[in-house]
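Taking it in order: structure first as structure tokens, then the write-up.
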Amino acid sequence: MSFNNILVDITFAVAQITINRPRKLNALNKETISELSSAFTTLENDRTVKVILLTGAGEKAFVAGADIAEFSNFSVEEGKLLAKKGQDQLFDLVQNLSKPVIAVVNGFALGGGLELAMACHFRIASDNAKMGLPEVSLGVIPGYGGTQRLAQLVGKGKAMELVMTASMIPAEEALGLGLVNYVTTPEELMPLATKLASKIMRNSLVAISGAIKAINANFIEGVNGYEIEINAFGDCFGTEDFKEGTSAFLEKRRPDFPNN
Ligand code: COA
């Protein structure tokens, strides 16, 4: 895979996507969004890839937002199209990926950057990271799912406050809010991500994709998450992984999941 704005590396079944526009603090322009979409789709279909890590190049930023220079002259219709296309092409794609996606937040995650991190299945951050949805300071609102996902993650009241004040919060505060799961030093961030990926890969990845689908179902309007869970649970009983997982337990040995 060769791209202009992102790097993709696959090591021991863990794919790392690095957004690579450090001079623009990895801001998401149209081409970067398109390349990310293409990379995630390719990795989803690559059987050798089990877990995906998403991070930003350089020491300063994960992603400092959508590329402001690109949309500053947009009309109402163009604005709507920008949000719709971005959500369909990338943010919803990431959220619904069947493989675990971890956002490795190594610096500023602002606007579209925090929205992208929130579309990932969970987030870890370095202690120098700063997060926020500052869009109202530009006269616009979050358009890549931020109003929905921030409220889901931190609750409605705190989401209202963070969006209204356009605040940039430090990683430790994000940890307290449940916006990120762990905070560590910049040096220890990628090793922690790799450790979490290894821990995940010991489990059945077929079962994990069912769990992702069921957890996500809770947040889809008009969908009964309990029904989705019942079906995904039942489907597990037809898998080789289930036979191996239960047999291994009964035989007091480590499972060797055939689909991993
Ligand atoms: N879109 C486009 N360019 C961006 C950008 C964005 N969201 N965020 C940063 N950049 C660019 C800057 O324009 C600058 O480019 P230049 O060197 O060609 O002038 C470069 O990245 C470095 O940013 P700079 O502002 O000089 O760094 P800083 O350390 O002084 O400030 C931030 C860092 C993150 C506080 C500041 O860049 C910022 O506020 N960015 C916008 C955040 C935002 O509002 N995001 C939501 C967008 S909807």
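What is segment 54-180's relative contact order, in percent, from Cα pairs under 8 angstrom and six or more apart in sequence?
Here the relative contact order equals 25 percent.
Which of Phe122, Phe242, Phe62 moves most in a GNM of the chain, Cα contacts under 10 Å?
Answer for the Gaussian network model of the chain: Phe242.
Take every Cα pair under 8 Å in the chain that's 6+ residues apart, average their separations, divide by the length, and report that relative contact order as a whole percent.
Worked out over the chain, it gives 15 percent.
Can you give the longest run of the chain that contains no trypsin sites (Lys or Arg not before Pro) sitting in a DSSP loop with at most 12 other Cβ atoms inside 10 Å?
48-201
Beyond a 24 Å Cα-Cα separation, which of these cross-linked pairs lie in this structure: Lys84/Lys213; Lys30/Lys60; Lys213/Lys243; Lys30/Lys195?
As for pairs spanning more than 24 Å Cα to Cα, those are Lys30/Lys195.
Could you pull out every one of the aspartates and glutamates with an alpha carbon less than 14 Å from that of Lys85, ignoring same-chain neighbours closer than 8 positions?
Here the aspartates and glutamates satisfying the reach criterion relative to Lys85 are Glu31, Glu35, Glu77.
For the chain, compute the orientation-averaged projected area of the C-alpha convex hull (one quarter of its surface), in nm².
It is 14.6 nm².
Name the residue, out of Met118, Met164, Met131, whose mean-square fluctuation peaks in a Gaussian network model built on the chain with Cα pairs under 10 Å.
Met164
Averaging over all projection directions, find the projected area of the Cα convex hull of segment 205-250 and quote it in nm² with one decimal place.
Average of the hull's projected areas for segment 205-250 equals 3.2 nm².
Give the cross-link partners of Lys130 among the aspartates and glutamates, using a straight C-alpha distance below 12 Å as the criterion and excluding same-chain residues fewer than 8 apart.
Within reach: Glu172, Glu173.
Once both labels are modelled 7 Å past Cα along the beta-carbon direction, what's the Cys236-Asn73 spacing in nm?
Here the answer is 5.4 nm between the modelled labels.
Ignoring GluC sites (Glu not before Pro) that are buried or in helix or strand per DSSP, and keeping those with at most 15 other beta carbon atoms within 10 Å, what is the longest stretch of the chain between them?
Between the exposed loop sites, the longest stretch runs 60-220.
So what is the orientation-averaged projected area of segment 112-181, using the convex hull of its C-alpha atoms, in nm²?
4.1 nm²
Where a number appears in this text, it was derived from the coordinates with a stated rule and is not lab data. What you see is a predicted model, and the numbers here were worked out from it, not measured in a lab. No Cβ is skipped: glycine too gets one built from the backbone with ideal geometry, and neighbour counts run over all protein chains shown.
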